[in-house]
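Chemist: Have a look at this one.
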Amino acid sequence: MQKEQSHINTDKSANPPVLNDWATTLLDAAPIAFYLLDKDLRVIEANAKGIEFLGKKSRAEVINRNIMDVAPGIPPIHIHSYKQILKTGIPKICPSIKAWPTVGENRYINSIRFPVRDGLGIIVTDITDQYKLERELKKNKTQLKELASAYVSSQENERELIACEVHDRVIQLLISSCRLIESTKQTGTDSPQMNKSLNEINDTILKTIAECRLITKQLYPSVLSEGGLVSVITEELSALKLTGMSAELTTDKTAPIPKPVAEVLYRIFHEAIWNAQRHSKASHIDVILKIVENGVRLAVIDDGCGFNLYKSLQSGKFGGLKSMRRRAELMGGSFNIESEIGKGTSIEVFIPFSVG
């Protein structure tokens, strides 16, 4: 098999190499850039990778030329380092430094500099890919910590919401029951008024039980365990209609949605219609659930009063919006919200998963 020819001209007839043929062949095969400089910082030897790294094509463009001429733009701090090593004889390792423009934009290198007799040896390793990968890994670790922190905060918000639900919907009913009991005690025994009070107490307790069951169901609907996201959304929209608000679900769901994805989508959906009930004064809500090629999209659109999104996020008034965004991001998804005063609010979520 004919040996593939390198585009680097390694002909040494014009400038005899300092190294013997065996050493030169070995260095040319190495994946590092190697240079030998004399005391005046002239390049007296370079391997094939070193010539290529400087953007040259032949030894004649490099050998017997000052390093500052061969690599214009080399930072003065490097030249100072070379001179210090020649003066002191102490080698120096320079990891993860940005290469000068001659080498290429946005490239990073490791450089080892050491004395060789009266001159200087330099070994350069291109670590651009490794450097970028490490930076990306560091960035991902930071994002992971932020998401973990956001998840904890989201849980706290959820607990706060539960506490409000219990206070507003359960405790108030129990307080009413206690008042009715006290009133019955003062009325006396076996009277029409007492019977009426007892009936009211019974009705209030039954309402309390119903509210407790509803809150429990909202915390984790049983149909979700069976993957029935469409069913639970339909059920909640039906309950919403009893309050006088109209609602419509549009879906073409044909593929099963993974349980973790369904749980997150339900939490976001529930928070969205909760906000619509509490804040937007909406009369109609549209919910769209669609399976796409690489995941699922959920949209909740109301015709309410809308709000200034920027000011609300800055003030923290709608903490639920941040909670919804965090939930989507923790699943590797995206969250988008649009709102304008007098023109309602639109929330769209995408969660990726492997369809089919």
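The values are calculated or read from the model by the stated rules, or taken from the named source; none is laboratory data. A quick note: this is a predicted structure, and the numbers were derived from the prediction, not measured. Quick reminder, even Gly has a Cβ in these numbers, built from the backbone with ideal geometry, and neighbours come from all protein chains shown. Areas reflect the complete protein model, heavy atoms only, side chains present, ligands, DNA and RNA absent. Shrake-Rupley method; radii C 1.70, N 1.55, O 1.52, S 1.80 Å.
Chemist: Considering each residue of region 236-271, count those that are among the polar types (S, T, N, Q) and over 16 Å from residue 348 (Cβ atoms), and give that number.
Modeler: 4
Chemist: Do any residues in region 48-72 that are within 15 Å of residue 36 (Cα to Cα) and of a type in the set (S, T, N, Q) have Cβ atoms under 6 Å from those of residues that are open to solvent by less than 10 Å² (accessible area, probe 1.4 Å) and assigned to a loop (DSSP other than H, G, I, E, B), where the two are at least six apart or on different chains, and which pairs are they?
Modeler: Pairs found: 66/41.
Chemist: Name the residue that is nearest to residue 44 (Cα to Cα), counting only residues in region 10-32 that are modelled with pLDDT under 65 and of a type outside the set (S, T, N, Q).
Modeler: 17
Chemist: Give region 281-294 a look and list any residue that's part of a loop (DSSP other than H, G, I, E, B) and either β-branched (Val, Ile, Thr) or touching a helix residue (DSSP H, G or I) at 6+ places or on another chain (Cβ under 9 Å) (or both), or say none.
Modeler: Across region 281-294, the qualifying residue is only 282.
Chemist: A further question follows. Mind listing just one residue for me: the one in region 132-180 that is at pLDDT below 70 and of a type in the set (S, T, N, Q) and, of those, surrounded by the most Cβ atoms within 10 Å (Cβ to Cβ)?
Modeler: Filtering first and then ranking leaves 154.
Chemist: Within region 80-97, can you find the residues that are at pLDDT below 90 and over 16 Å from residue 121 (Cβ atoms)?
Modeler: Residues satisfying the conditions are 95, 96, 97.
Chemist: Taking the condition of a type in the set (Val, Ile, Thr), at pLDDT below 70 and over 40 Å from the mean Cα position of the chain (by Cα), does residue 208 pass?
Modeler: No, not satisfied.
Chemist: Right, next: Kindly indicate the residue of region 187-201 that is of a type outside the set (A, V, I, L, M), at pLDDT 75 or above and surrounded by 12 or more Cβ atoms within 10 Å (Cβ to Cβ) and also farthest from residue 176 (Cα to Cα) among those meeting that condition.
Modeler: 196
Chemist: Among the residues of region 33-47 satisfying the criterion of being open to solvent by 40 Å² or more (accessible area, probe 1.4 Å) and touching a residue at least 40 places away in the same chain (Cβ under 8 Å), which is farthest from residue 86 (Cα to Cα)?
Modeler: Step by step, filter region 33-47, then rank; the result is 44.
Chemist: Would you say residue 147 is outside any strand (DSSP E or B) and touching a residue at least 40 places away in the same chain (Cβ under 8 Å)?
Modeler: yes
Chemist: Answer yes or no as to whether residue 301 is modelled with pLDDT of 80 or more, open to solvent by 30 Å² or more (accessible area, probe 1.4 Å), in a strand (DSSP E or B) and not hydroxyl-bearing (Ser, Thr, Tyr).
Modeler: yes
Let's see how each residue does on (1) open to solvent by less than 70 Å² (accessible area, probe 1.4 Å); (2) assigned to a helix (DSSP H, G or I); (3) at pLDDT below 85; (4) out of contact with any strand residue (DSSP E or B) (no Cβ under 7 Å at 6 or more places or on another chain):
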| residue | (1), (2), (3), (4) |
| --- | --- |
| 250 | yes, no, no, no |
| 266 | yes, yes, no, yes |
| 274 | yes, yes, yes, yes |
| 279 | no, yes, yes, yes |
| 296 | yes, no, no, no |
| 310 | no, yes, yes, yes |
| 325 | no, yes, no, no |
| 336 | no, no, no, no |
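Chemist: Got a number for residues in region 51-81 being more than 43 Å from the chain's Cα centre (by Cα) and either more than 20 Å from residue 30 (Cβ to Cβ) or part of a helix (DSSP H, G or I) (or both)?
Modeler: Count: 10.
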